[in-house]
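These notes concern the structure reproduced below.
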Amino acid sequence: MFFSFTVFLHRTNCPKVTSSSILLSDEENKIWEQAEAIQDNNTELVEAILSRYGFTDEYRISKATLQRYGIRIYQDQLVAPLYDHNRSLVNVIFLDPSLHSKISASFGLNILSARNAEIILVDSIWDALCVYQTTGKVAITIPNTKFSIRVR
């Protein structure tokens, strides 16, 4: 489930990318530093991981989408970065197929810019990746949130 909001911000209200910092624990920082960026030379590994997660040829998250959101590979697992509103890296999380657990920080804030006329709020990291790939619109998760619509 997702909601679309139109965002009217002036460029001065958006945090600048150059102001980012890393606020990870030593263990998280070690994982993030050792994780590899997704590149053309590891396509087979990415496809193998995604297929293990249940993505088939019909339903596939592209390498470009993973790269756009800054997903990395660590020991045969996908790792997602979580940023705060100042674009500081505050946590990393291992993705798994059933990841619908509560996250400690937002996912997708690192790709927001003043040019985004709309953002889509979603329940999970997987939803954000799928929505972005399908629509081309930025999708983000909000920590400790569960969206639902009451059906009568």
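The values are calculated or read from the model by the stated rules, or taken from the named source; none is laboratory data. For clarity, every value in this text was computed on a predicted model and none was experimentally measured. Counting neighbours? That spans all protein chains shown, and the Cβs are built from the backbone with ideal geometry, glycine included.
Hey, can you tell me all the residues within segment 53-78 that are surrounded by fewer than 13 Cβ atoms within 10 Å (Cβ to Cβ), charged (D, E, K, R) and touching a residue at least 12 places away in the same chain (Cβ under 8 Å)? Steps first, answer last, please.
Looking only at segment 53-78, we keep the residues that are surrounded by fewer than 13 Cβ atoms within 10 Å (Cβ to Cβ), and these are 54, 56-59, 64, 75-76.
Add one more test, that the residue is charged (D, E, K, R), and what stays is 57-58, 76.
Listed by number, the list holds a single entry, D76.
Every residue in segment 117-136 that is outside any helix (DSSP H, G or I) and touching a residue at least 12 places away in the same chain (Cβ under 8 Å), please. I'd like the intermediate steps shown before the answer.
From segment 117-136, those outside any helix (DSSP H, G or I) are 117-124, 136; that's our starting set.
Listed by number, the residues that qualify are A117, E118, I119, I120, L121, V122, D123, S124.
Looking only at residues that are farther than 17 Å from P81 by Cβ and polar (S, T, N, Q) in segment 23-51, which one is surrounded by the fewest Cβ atoms within 10 Å (Cβ to Cβ)?
Ranking the qualifying residues of segment 23-51, first place goes to N41.
Which ranges mark the strands (runs of 3 or more DSSP E) fully within segment 16-115 that have 3 or more residues being at pLDDT 85 or above and under 21 Å from T141 (Cα atoms)?
Values: elements: 72-74, 77-83, 89-94.
Strands (runs of 3 or more DSSP E) meeting the threshold: 77-83, 89-94.
Consider segment 54-76. How many of its residues are closer than 14 Å to W126 by Cβ and under 16 Å from the mean Cα position of the chain (by Cα)? Let's see the steps before the verdict.
Within segment 54-76, the subset closer than 14 Å to W126 by Cβ is 54-55, 59-62, 65-66, 69, 71.
With under 16 Å from the mean Cα position of the chain (by Cα) added as a condition, the list becomes 60-62, 65-66, 69, 71.
The total comes to 7.
Is there any pair with a first residue in segment 24-50 that is within 16 Å of I93 (Cβ to Cβ) and a second that is acidic (D, E) whose Cβ atoms are under 9 Å apart and which are 6 or more apart or on different chains, and what are they?
Note: pairs meeting the criteria are I49/D76.
I need the full set of residues from segment 137-148 which are assigned to a loop (DSSP other than H, G, I, E, B), among the β-branched types (V, I, T) and either touching a helix residue (DSSP H, G or I) at 6+ places or on another chain (Cβ under 6 Å) or modelled with pLDDT of 90 or more (or both), in order please. Quick ask: steps written out before the conclusion?
Keep residues of segment 137-148 that are assigned to a loop (DSSP other than H, G, I, E, B), which gives 137-138, 142-148.
The next check asks that each one be among the β-branched types (V, I, T); those that pass are 138, 142, 145.
Hit for segment 137-148 is V138, nothing else.
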